[in-house]
1. Among the residues of segment 184-204, count how many are outside any helix (DSSP H, G or I) and at pLDDT 75 or above.
2. Based on what the data block shows, is Phe116 loosely packed, with under 12 Cβ neighbours inside 10 Å, under 23 Å from the mean Cα position of the chain (by Cα) and of a type in the set (Phe, Trp, Tyr)?
3. Given the condition closer than 19 Å to Lys206 by Cα, small (Gly, Ala, Ser) and not assigned by TED's automatic domain parsing to the domain that holds Tyr208, answer yes or no: does some residue in segment 75-82 qualify?
4. Limited to segment 226-274, what total is found for residues that are at pLDDT below 85 and small (Gly, Ala, Ser)?
5. Among the numbered criteria (1) farther than 26 Å from Arg256 by Cβ; (2) at pLDDT below 90, which one does Ala152 miss?
6. Hey, any hits in segment 94-113 for a residue that's in contact (Cβ under 8 Å) with a residue 40 or more places away in the chain, out of contact with any Ser or Thr (no Cβ under 9 Å at 6 or more places or on another chain) and of a type in the set (Lys, Arg)?
7. Among the residues of segment 81-113, which ones are farther than 16 Å from Lys8 by Cα and buried (at least 17 other Cβ atoms within 10 Å of the Cβ)?
8. Might you let me know whether segment 34-44 holds any residue that is surrounded by fewer than 17 Cβ atoms within 10 Å (Cβ to Cβ), among the acidic types (Asp, Glu) and in contact (Cβ under 8 Å) with a residue 40 or more places away in the chain?
Amino acid sequence: MKMKHNKKRNSLFLYETLIRELTKAVVEKNSKRKDSILEMVRTHFKKGSMLAREMELYNILHETREVNQYIAEKLLHEVKCARFGEGFSEEGLFDEQTAIINDINKKLSPSVFSNFIPNYKNLATISQIFSNRTTVRKRVVLEESMIKKMIAKKAPGGEGLEPVDNIVYNTFVDKFNQAYKGLLSEQNKLLKEYIMSFNDNGIGLKVYLNEEIGRLKDCISESIKNEEIKDDPEMIKKTKSVIDLLEGFKSQIVSRDIIKKVLKIQSLANEIKN
């Protein structure tokens, strides 16, 4: 009998669906809903909670790619040891999941659970690997599938949100400074949020980026009225392509490439403004 995956008991799904809802609230400029979701994430996924601990284990398997067979098997083994070890409370996890499910139902809406989550199938696979109800035969098949995903090469443009240390940050800033001879305040803000994104699982970065993309779209759209642009078909075409690019960022995973493009568009918007 095939075991049905309960996404409401999937820690990473719960987190991701709230982030999707947070993005909607930012786009719709619903500050009250945005603050409510942020508080919910900070409360339920606080450091040391069972939800945060399990989500971290989910992420290790979900995000690891392009490693060799030995590393993939070692990571899977260590993750399972942490997940099924004595320090992990199944009862505590269940209670925390119940609490956040109730919060979502009462403070937001049950429809939140219907949000589209990319790679949902992969989350379901990990959930079954973490379940005590999964048979040995089924677990072996699932683990083999997971190892293949961890070994597989990333598709083009599939770079995910990655933590950055000071060396990477300084190199990134140095290169940008060489190209643009100084950073704008909004560029400094974006870089700061990017650097600190690993502290809160990227919540602050995603919120700021959505708000900044909205501001940039308004600025670039307004530029079409500029005398130097509105009478130049080629300039109008290029301006619209920038707007389309910004719109496309909303459906993509935040990556270093996207950050670089937004930094350049921030510079463009500043030139238009001045």
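The values are calculated or read from the model by the stated rules, or taken from the named source; none is laboratory data. What you are looking at is a predicted structure, and each value in this text was computed from that prediction instead of being measured. Here the Cβ is made from the backbone with ideal geometry for all residues, glycine too, and neighbour counts use every protein chain on show.
1. 1
2. Criteria met by Phe116.
3. Scanning segment 75-82 turns up no residue that is closer than 19 Å to Lys206 by Cα, small (Gly, Ala, Ser) and not assigned by TED's automatic domain parsing to the domain that holds Tyr208.
4. Summing the residues that are at pLDDT below 85 and small (Gly, Ala, Ser) in segment 226-274 gives 2.
5. Status for Ala152: all satisfied but (1).
6. No, segment 94-113 has no match at all.
7. Arg83
8. no
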